[in-house]
Structures are given as structure tokens and as C-alpha cells.
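Before any comments, here is the structure.
The values are calculated or read from the model by the stated rules, or taken from the named source; none is laboratory data. Only a predicted model underlies this, so the values are computations on that prediction, with no experimental measurement involved. No Cβ is skipped: glycine too gets one built from the backbone with ideal geometry, and neighbour counts run over all protein chains shown. The protein model used for the area step is the full one, side chains on, heavy atoms only, and it has no ligands, DNA or RNA in it. Shrake-Rupley method; radii C 1.70, N 1.55, O 1.52, S 1.80 Å.
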Amino acid sequence: MSVLQARGLELRDRGRTVFSGVDLDVAAGSTLVVRGHASAGKTSLLLTLAGRMRPTAGTLRVLGEDLPGRATAVRRRVALAEVRGVNELDDALTVEQHVAERLVLHQPWYRPWVSDAQVQARLRRVEEALERTGTDVPRLRPKEFVSDIDPLERMALGVVLALTGRPEVLVVDDVDALRRTVDRRRAWNALAALQQTSPHPLTIVASCADTSDLHWRTDDGRILLDLPDHQDNS
């Protein structure tokens, strides 16, 4: 089953081409890796696939829904990890406060609270999933402020929050924001581990400029999309 289908997808903004000519056919449970330099429009493409931006040309269907007409339905099923400038984490909140807020959003309106046990259970489920696959990622410390956690922990928190609503597609922007090679490798391994242990087919869309930290296998369901730089983006 195709989760992401695009033909001739294009986005133009104020006379300049952000991305163009994007053709996709991504099956459920696969990983789409969008590669390109800073001016290639990676973030804009990810937001378009997630139903958060409107393309200006081409056709796009996500989870059987035609975009942009069915964007609201797509947004309920496609979750964003932290995207700078879009859904940034609050440095003044702790890890557990962020998790509690997200859990409340996915509860009925008449239950505007969560218990400490619910928060701990959510963090523990993610840790257990990673441990089962032997993935070496740091544990999130519930009482720590987001301003004090390191970049890999911050990315991990963004993914934990995104997975709270059990989405069918997870979008992770700019893995290269992790400056250390070891952190980028751990991030890619963690995403693969979460996908493998998901109770339902989880499709991942992630972006980067360099895939040298990503271990490619012929049977791992990864698809590479290269976005070229546009001359009119300067």
C-alpha cells in the first residue's frame, strides 16, 4: 500500500522555486530520506508531505487523502518531530512537562490532566523499544529542562512527543542538526529501531544533507530522494 504518492510536485514562493519535479511512491513502513543542501527546500517538502504547506503544482496523495483538499485529515495521521520555526520545544519546560502536555492533547476534553505514572509509562515504552533492538541512545531525564539537554536528547524528545498520538507517518527534519557523527548515527539507528518495534506500520520521512552516517542495506525499505539546489533560490 502506498502511503505517499506524488507526481510533478512543486512549490513556488514569491516568484522563486522552493522545490520542483518531485515524484514519489512510498510504501507503508518504509523510510523516505530526503537529501539536499540548505537551499534545496527539504523542510518545505517535508511540511508539504505532512499537510502543513500547500503545493503550487503537481498531485499529492498521503494515506489515501488528496492534498491540499484533505490536509486536516492528513495532519491527524502525520506527526512532526521538532521542526525549528514550526513547533519548537519550550526551553523553559522540563521533559516531563512536555510529555504531559502532549498526552493531554490526545485525551478527551473532559480529562485535561495526566498522572506522573502516565508520563513515566510513555517515556519507558520508548526506552524499552530501543533497548529491545540494542540501540544506544541516551535516556531522557524527566525533571531536566529542555534548555539543559543535549541535541540528541532534544531530537529524541521531539520524536517521543510526535509518536504520542500513534501516527502512521513520522516526519523528522534535519538530522544533520546533530553536529557529532556518533549522534547522527545513533539518531538514524534509533529511528529504524522505533520503526521495527512499532505495533503498526510506521512510515518515516527524514531529511539531511549527508547520508554518509546512514548505513544502507538493500532490504531495509529506505528510499532516497535527492533535491537539487535551485538557481533562483539565492
With labels modelled as points extended 7 Å from the Cα through the Cβ direction, what inter-label distance (nm, one decimal) is found for ASP226 paired with THR59? 2.7 nm
Classify region 39-99 from the C-alpha gyration tensor, please: rounded if a/c falls under 1.5, else prolate or oblate depending on whether a/b exceeds b/c. oblate
Relative contact order for the chain using alpha-carbon pairs under 8 Å, separation at least 6, rounded to a whole percent? 31 percent
Could you give me the ³J(HN,Hα) list for region 198-203, computed from phi with Karplus coefficients 6.51, -1.76, 1.60 and θ = phi - 60°, whole Hz, x at Gly and Pro? 5, x, 9, x, 10, 9
The percentage of the accessible area of region 51-182 (probe 1.4 Å, all protein chains present) made up of carbon and sulfur atoms, to the nearest whole number, is 49 percent
Place the peptides 64-72, 203-211 in order of packing, highest mean first, counting for every residue the other Cβ atoms within 10 Å and averaging per peptide. 203-211, 64-72
Show me, for region 76-86, the HN-Hα J-couplings you get by feeding each phi into the Karplus relation (A = 6.51, B = -1.76, C = 1.60, θ = phi - 60°), rounded to Hz, glycine and proline as x. 6, 10, 10, 10, 9, 5, 4, 10, 4, x, 10
Ranked from highest to lowest mean number of other Cβ atoms within 10 Å per residue, what is the order of the peptides 167-177, 8-18? 167-177, 8-18
Please state the shape class of region 1-71: rounded when a/c is under 1.5, otherwise prolate if a/b exceeds b/c and oblate if not, all from the C-alpha gyration tensor. oblate
Can you list the residues, at least 5 places off or on another chain, whose amide H is less than 5 Å from the amide H of ALA209, using H built in the peptide plane? GLY36, ASP176
Probe 1.4 Å, accessible area per residue of region 1-130, Å²: 51 Å²
